[in-house]
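Worksheet for the structure shown next.
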Amino acid sequence: MDRNAPPPKPPKKRLTLVDYILFGSVAALVIFSGYRVNDVLVYNWEWSRVLNFVVRVDDETGQYFTNLLVRGLETTLRLAVWGTILATIIGVVMGYWRTCENLTLRIISRCYVELIRNIPPVVFIFIFFFFISSQIFPAIGLDDVDPDAAVFANPVFHFLFGDPRLLSNFLAGLLCLAMFEGAYVTEIVRAGIQAVPKGQWEAARAIGLSPIRVLGDIILPQALRKILPPLAGQFITLIKDSAIVSLISIQELTFMATEVAATTTKVFETWILVGGMYFILCYSFAVLFAWLERQAARSRR
């Protein structure tokens, strides 16, 4: 058998009777839900009023502009990207501390993980925002920054961080998400490091490598292959978890959807549309990460 030959294609799956029953059940549930809304609740569907908050048309120029829901989606993406970066940094440091020989570092990292994982996210968000962010940000002068300064009033900063007038709110939500998700990334990193055989550590130390060289040159490259798939899944989880920062008035997608639903009184249309936006976003990243994982698997053969 040629090892360089591509693996055989998996057999095509055929739909069975159980599949058709399940599909029919889902379709019946959707039809029944629509009937309950239309005939029992006597709900008047008006999708145009909600879609106007996705893209609007300027009456004078006729040009199209993004509206509240798209702006909220942009903030959600910013929170997810920056939150993943910060959570990864926290997770790598804490994950290494969880496996190192220093007892103090192990205690600190263990306390951090257990504290975050055993407190409800809503409680953690409120504690961090009202008791920490409200004290730290004013102390460092973040609430007094000039939004018209050159470093803030430029397209690059607006693309990366949004409206500079809402910078303190954005950073508060970002730090909340990063610290919360960092606890789960810590466990992912710890599991990846501990999955490397102990013989690798012993061999690296036997040839005289320093602990930093052992970690950077020997352990982390091997652990990275095991860390990346769950880390990609954590990124998708962070996109969904970002909805919780709407409780502290961060203007991401869920917060904007609440405003739109209250303004238009079209609750069903608003939340169905927002749910679809979350689904498309998360599913797109899931497909992308699955493709990248397959490519990485092929490159290792």
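What to note about this one:
- The residues of the range 46-55 that are within 30 Å of the chain's Cα centre (by Cα) and surrounded by 12 or more Cβ atoms within 10 Å (Cβ to Cβ), listed by number, are W47, R49, V50, L51, N52, F53, V54, V55.
- Candidate set: the range 109-135, residues that are β-branched (V, I, T) and either touching a residue at least 12 places away in the same chain (Cβ under 8 Å) or surrounded by fewer than 14 Cβ atoms within 10 Å (Cβ to Cβ) (or both); chosen: the one nearest to A183 (Cα to Cα): V113
Yes or no, residue by residue, for (1) closer than 30 Å to E259 by Cα; (2) of a type in the set (A, V, I, L, M); (3) at pLDDT 70 or above:
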{"site": "M1", "(1), (2), (3)": "no, yes, no"}
{"site": "R14", "(1), (2), (3)": "no, no, yes"}
{"site": "D19", "(1), (2), (3)": "no, no, yes"}
{"site": "S25", "(1), (2), (3)": "no, no, yes"}
{"site": "S33", "(1), (2), (3)": "yes, no, yes"}
{"site": "R56", "(1), (2), (3)": "yes, no, yes"}
{"site": "E60", "(1), (2), (3)": "yes, no, yes"}
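- Note on the range 17-76: residues that are out of contact with any Asp or Glu (no Cβ under 7 Å at 6 or more places or on another chain) and part of a helix (DSSP H, G or I) total 32.
- Against the test of being among the small types (G, A, S), within 23 Å of F255 (Cα to Cα) and more than 17 Å from the chain's Cα centre (by Cα), the options S109, S133 yield a single qualifying residue, S133.
- Test: residue in the range 78-92 that is more than 24 Å from F170 (Cα to Cα) and aliphatic (A, V, I, L, M): no
- Pairs linking a residue in the range 23-45 that is surrounded by 10 or more Cβ atoms within 10 Å (Cβ to Cβ) to a residue that is at pLDDT 75 or above, with Cβ atoms under 7 Å and 6 or more positions apart or on different chains, are V37/F268; Y43/F268; W45/E269.
The values are calculated or read from the model by the stated rules, or taken from the named source; none is laboratory data. The structure presented is a predicted model; accordingly, all values stated were derived computationally and were not measured. We place every Cβ from the backbone using ideal geometry, glycine too, and count neighbours over all the protein chains shown.
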